[in-house]
Every structure is written in structure tokens, then in C-alpha cells.
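**Q** Take this structure first; my questions come after.
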Amino acid sequence: MAMDDMYGSSDEEYYNGGYDDDEYEDDYDRAPEPEYDDDLTCGKAPSCRVIRKESLLAAQKEDLQRIVDLLSLKEHHARTLLIHYQWDADKVFAIFVERGKEKLYAEAGISIEEKDEDPASDPSTEYTCEICFEDFPDEQTTLMECKHRFCNDCWTEYFIVKINDGKSRRITCMAQKCKAICDEGKIRDLVTTKDPDLVEKFDRFILESYIEDNKRVKWCPSVPHCGNAIRVEDDEYCEVECACGKQFCFNCLCDLHSPCSCIMWDLWMKKCDDEAPTVSWMSEKTKHCPKCHKIVEKDGGCNLVTCICGQPFCWLCGEATGLEHTWNSIKGHTCGRYKEGHSKNEDSVEDYWRLTHYYRRYKAHIDSMKIEASESRQKLLDKVRTLEAKDFQVKDFSWAMNGFNRLALSRRVVACSYPFAYYYFGDLFADEISKEEREIKQNLFEVQQQQLETNIERLSMFLEEPFANYAEDKLVETRMKIITLSTVTDDLCKNLYECIDNDLLVPLQQATHTIVRYRSKGVEKASEL
């Protein structure tokens with residue numbers, strides 16, 4: 001595929017004045033900026049930690065201790081509070097301040113009695129269990145903090161059923177209409193007498209509630225599962241990297257997809273699963289003639305094709321063109337932007353053109369990203385090793401891998417910007433955006449998108465050059481271009497995110513579409529707890 005046509009540019013245009021080099025002349029002459037400086041990050045990056053199986057208890061204890069210290073509670077009461085409020089300690093503090101301790105405890109099912117131990121009683125006293133209606137001496141019954149007493153056998157059977165049903169985290173009292181949470185210590189003591197192995201299951205459920213019920217902690221979605229969990233301290237809309245190397249969106253646990261929102265990405269994945277095979281085959285094999293609308297099948301390598309009606313058109317975008325062209329471009333034609341009106345016969349034809357337009361460009365960047373990760377990276381490492389063996393004054397060649405990392409990050413950003421555009425400028429927000437407003441916003445977005453695409457291809461081009469064989473003066477020149485393009489590409493990524501977040505999403509009434517903040521450093525690696 002002629003990628004130059006897709007992005008509305010070519011290397012020939014670039015070197016022959018198709019782009020204004022003066023625009024970046026000062027950039028090439030200035031001192032290179034640090035490639036991954038903190039100042040380049042747009043917004044505060046959320047800190048995150050890896051929780052391994054052996055550190056899970058310590059992580060839970062850390063949050064428990066905060067509540068214990070603040071409210072002077074026993075640990076099991078603190079755990080009951082945190083489980084009820086999904087391990088959100090800040091929410092517990094807020095409710096405590098706003099509504100008071102008594103309301104806080106009542107909503108979580110904690111008895112507000114100051115005295116927790118069983119009251120002194122005569123050992124000879126017998127109690128009637130209101131479950132089995134048998135009489136039992138004091139030592140064969142258990143009193144919970146809510147002051148309800150039943151026989152140990154009934155309590156034990158009740159707890160066993162709850163644990164086996166997976167309801168260990170919040171086992172309420174057996175008494176009718178009582179919502180108090182049972183003391184986990186008493187649960188453990190009673191169940192141990194009958195089924196010690198089940199106590200281990202109970203303890204595991206209690207421990208894992210820190211992950212299962214906690215919106216700030218989620219299991220790593222790696223396959224096979226690495227056994228790690230990730231805890232974020234601030235914004236749950238973030239992209240993280242587990243210690244196992246898996247990178248994912250913390251909010252939806254899908255692969256990285258910013259600047260596309262989680263909802264849009266879910267729709268796009270379903271769309272790709274349902275229609276991608278057909279779209280791919282139709283995109284590769286056939287196109288509709290822009291003049292007579294007949295299906296045209298491509299049987300050669302050139303992207304300028306001619307229908308049997310005599311109309312020449314671009315194979316990549318389907319636009320009518322002239323016949324004059326080169327290997328790199330068709331004269332007077334670019335096709336990086338999506339344009340409506342490929343076919344006015346039916347809405348379904350227009351829908352097909354929209355989907356193929358965005359899907360093809362998304363897929364092209366994803367394929368390029370895979371090739372660059374598997375093949376180009378190794379070639380680049382080989383070139384760096386060759387340079388390190390030479391007796392040059394320049395000894396630091398980290399700029400090459402920094403440029404490659406910038407390319408990989410930016411390639412993913414621009415790839416995922418196409419699913420965003422497909423839904424944002426489609427029917428998803430038709431009720432909130434007028435046609436005129438949509439056209440203005442689409443033009444603004446596509447200008448940002450095309451600038452980013454153009455510079456990504458420039459950066460890719462310079463990284464693929466055989467600079468390991470260059471003389472030192474030419475190598476220095478190439479180095480400066482790669483460093484500058486890395487910085488320019490980073491700025492353009494940040495601009496695209498700001499355009500999407502501030503100009504496109506913020507004015508909408510729907511608050512469900514939130515995108516991850518742009519991080520110049522890339523995906524944050526979770527640190528050890």
C-alpha cells in the first residue's frame with residue numbers, strides 16, 4: 001500500500017519543498033530537549049503499584065490502619081467499613097465528617113455499642129435458640145455485637161452455607177431484619193470446630209475482597225494470569241503496565257486505546273469482530289467507482305485504477321482523480337481526510353465508506369506498529385551497536401531508541417484516534433452536535449490528526465535510514481532531525497489529546513466519555529508495593 005497517498009504526502013514532496021522546512025528550521029538548530037522530561041506530561045500522572053500475592057495482606061493492612069487510627073476501631077470493624085464503602089478510605093472519612101460516626105456505622109452494619117464483649121452471665125443459665133428452638137447452656141451459644149444470640153450449631157451451619165456461597169465478605173446476623181455484620185473472629189472460631197479447611201477459604205475471600213470490591217485495585221488481565229493486581233492512587237482513568245509487562249487500560253482492562261474512550265473502544269472492538277473480516281476483504285479486493293458506482297476489483301499494484309466506464313480514481317480513498325501520477329502520489333490529490341459523498345445511492349453505502357475509511361487507516365497503523373516492534377526495533381539496535389563500535393566523538397546513541405519509543409507511542413495514539421473519529425463524527429452524538437458544528441470540529445480534529453500522521457511518517461523514515469554507515473557529520477545531522485521530530489511529535493500528540501478532551505468532549509452533556517491523560521513518558525510502570 002502506498003502510505004504516502006494515505007497521508008496526503010510523500011518523501012519526494014518533503015524533500016522538494018512540499019513542506020515548509022523553515023517551520024522547523026529553528027527546531028533543528030536548537031539544543032535538543034530531554035526526550036522524556038516530566039514537563040512534557042499533560043496533567044498529573046496517576047501513581048500505581050503492583051500488588052503480588054505475598055504483598056496483598058500488607059496492602060490491605062495499610063488501608064485498614066488508616067481507619068483504625070482515625071476512628072479507634074477494631075480491625076474487623078474497620079474491614080467491615082471499608083468493604084461496605086468499596087475500600088474507599090476517603091469516602092469513609094467524608095461520611096464520618098458530614099454525617100457522624102453513628103450514621104457511618106449504621107449504614108455499614110456495625111453495632112455502635114461501646115462494649116464489644118459478651119456481658120457477664122451465669123454459666124448455668126440456658127438460652128433458647130430461636131432458630132432450632134432448643135435450649136442450650138451459655139457456653140454453647142454465641143452472642144453477636146448486635147445482641148442477638150443463637151446456638152453454636154445453628155451459627156456454624158449458617159456460616160458454612162454463606163462461605164460456600166461466596167458471601168464471606170459481609171455475613172449478616174441470622175436474626176430477622178437485622179443487618180449487622182457478624183464478627184469475623186467469631187465466624188472463624190465457630191467454623192474451625194467443624195471444617196478447618198473452610199476457614200482458609202473464608203480468609204482468602206476476606207483478603208481478596210481488597211481487590212474484588214476495590215475500585216482502585218484490579219487484577220492484571222494478562223493471559224495466562226500473572227497473579228498480580230494493580231493499585232492506582234488517583235485517577236482510575238489511566239493506562240498502566242504491570243510487572244509482568246502487560247499494558248492495559250485500568251478502567252476497562254482492555255488493551256491501550258487512548259485517546260479513544262472506553263465506551264467507544266468497546267463499540268469499536270465489537271464492530272471489528274462482527275464486520276472486520278468482510279470489511280477487510282471488500283477493502284482489499286473491491287471499490288465502488290465514484291462515477292458509475294459499479295464494483296471495481298483491483299488486479300495490479302498501482303493505486304491509480306480505472307473503471308470500465310473510463311473514470312480513474314484513487315484505490316485508497318475512492319476519490320475521482322486524473323490520470324497523471326508518479327509512484328509516490330497522484331497529481332493534485334490527497335486522501336488523508338474523510339469526505340462524505342462517496343456514494344449518494346443509499347445510507348448503507350455511505351456507512352460502508354465511513355467504516356472502511358476509518359478501519360483501513362486504523363489497521364494500517366496497527367500493522368505498522370507490529371512491524372516496527374518486531375523487525376524495525378531489532379534493525380535499530382543493530383545500527384546502534386555498529387555505531388558504538390566506531391571511533392566517533394559522539395558516544396551517546398540513546399537518541400535512536402528514544403526516537404523509536406516516541407514513534408511507537410505516537411503510532412498507537414494516531415491509530416486509536418480513528419475509532420474515536422468514527423464514533424464522534426458519526427451518529428453517537430448526533431443529538432448533541434449540529435451538522436455545522438460537527439463539520440467545524442471535524443476539520444479542527446483532522447488538521448491535528450494529519451499533522452501528527454505526517455510527522456510520525458517523517459520520524460519513521462529517518463529511523464529507517466542506514467545512518468550506521470554515515471560519516472560523523474551526516475550522523476550528527478540525522479541525530480538532530482530524529483531528536484527534533486521526536487519532540488515535535490510529542491507536542492502534536494499532546495495537542496491532539498487536548499483537542500479531543502477540551503474542544504470535543506468537554507462541551508458534551510454526556511459525561512460517560514472520558515479519555516486518559518496524555519503522558520509524554522508513555523504508559524506508567526507500576527512500582528512494587
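Values in this text are rule-based calculations from the coordinates and carry no lab data. Computed from a predicted structure; not experimentally measured. All Cβ positions, glycine included, derive from the backbone under ideal geometry; neighbour counts span all protein chains shown.
**Q** Which FRET efficiency value, to the nearest 0.05, is calculated for Phe93 and Glu439 with the Förster distance at 35 angstrom and r the Cβ-Cβ distance?
**A** Numbers: r = 48 Å, r/R0 = 1.38.
My answer for the efficiency is 0.15.
**Q** Excluding residues on the same chain fewer than 8 positions from Lys74, give the lysines whose Cα lies under 20 Å from its Cα.
**A** Lys61, Lys91, Lys101, Lys103, Lys115, Lys147, Lys179, Lys186
**Q** Right, here's the next one. What is the extension gain from Leu253 to Lys270, computed as 0.36 nm multiplied by their sequence separation minus the C-alpha to C-alpha distance, in nm to one decimal?
**A** Between Leu253 and Lys270, full extension yields 4.6 nm more.
**Q** A further question on this structure: Between Glu528 and Ile366, with labels modelled 7 Å along Cα→Cβ, what's the label distance in nm to one decimal, could you check?
**A** 3.6 nm
**Q** At Glu134 and Leu57, where each label point lies 7 Å from the Cα along Cα→Cβ, what is the point-to-point distance in nanometres?
**A** Computed distance between label sites Glu134 and Leu57 equals 3.6 nm.
**Q** Compute the FRET efficiency between Cys178 and Glu126 as 1/(1 + (r/R0)^6), taking r as their Cβ-Cβ distance and R0 = 35 Å, and round to the nearest 0.05.
**A** That pair, Cys178 with Glu126, gives E of 0.95.
**Q** Setting aside same-chain residues fewer than 8 positions from Lys435, which lysines have a Cα under 21 Å from its Cα?
**A** Lys339, Lys344
**Q** Going down the list Lys218/Lys379; Lys363/Lys481; Lys194/Lys246; Lys285/Lys525; Lys270/Lys379, which pairs span over 32 Å between their C-alpha atoms?
**A** Values: Lys218/Lys379 37 Å; Lys363/Lys481 28 Å; Lys194/Lys246 42 Å; Lys285/Lys525 42 Å; Lys270/Lys379 35 Å.
In this structure, Lys218/Lys379; Lys194/Lys246; Lys285/Lys525; Lys270/Lys379 exceed 32 Å between Cα atoms.
**Q** Let me ask you something else. Report the FRET efficiency, 1/(1 + (r/R0)^6), for His293 and Glu233, where r is their Cβ-Cβ distance and R0 is 51 Å, rounded to 0.05.
**A** Result of the calculation: an efficiency of 0.35.
**Q** Asp491 versus Lys379, label points 7 Å from Cα toward the beta carbon: distance in nm?
**A** If labels sit at Asp491 and Lys379, their model points lie 2.9 nm apart.
**Q** On to the next question. Report the extension gain between Ala471 and Gln509 in nm, rounded to one decimal, defined as 0.36 nm multiplied by the number of residues separating them, less their alpha carbon distance.
**A** Result for the pair: 7.9 nm of gain on full extension.
**Q** Quote to one decimal, in nm, the extra length available between Leu70 and Glu157 on full extension: 0.36 nm per residue of separation minus the C-alpha distance between them.
**A** Separation in residues times 0.36 nm, less the Cα-Cα distance, equals 27.8 nm.
**Q** Tell me which lysines have Cα within less than 19 Å of Lys494's Cα, excluding those fewer than 8 residues away on the same chain?
**A** Lys44, Lys441, Lys521
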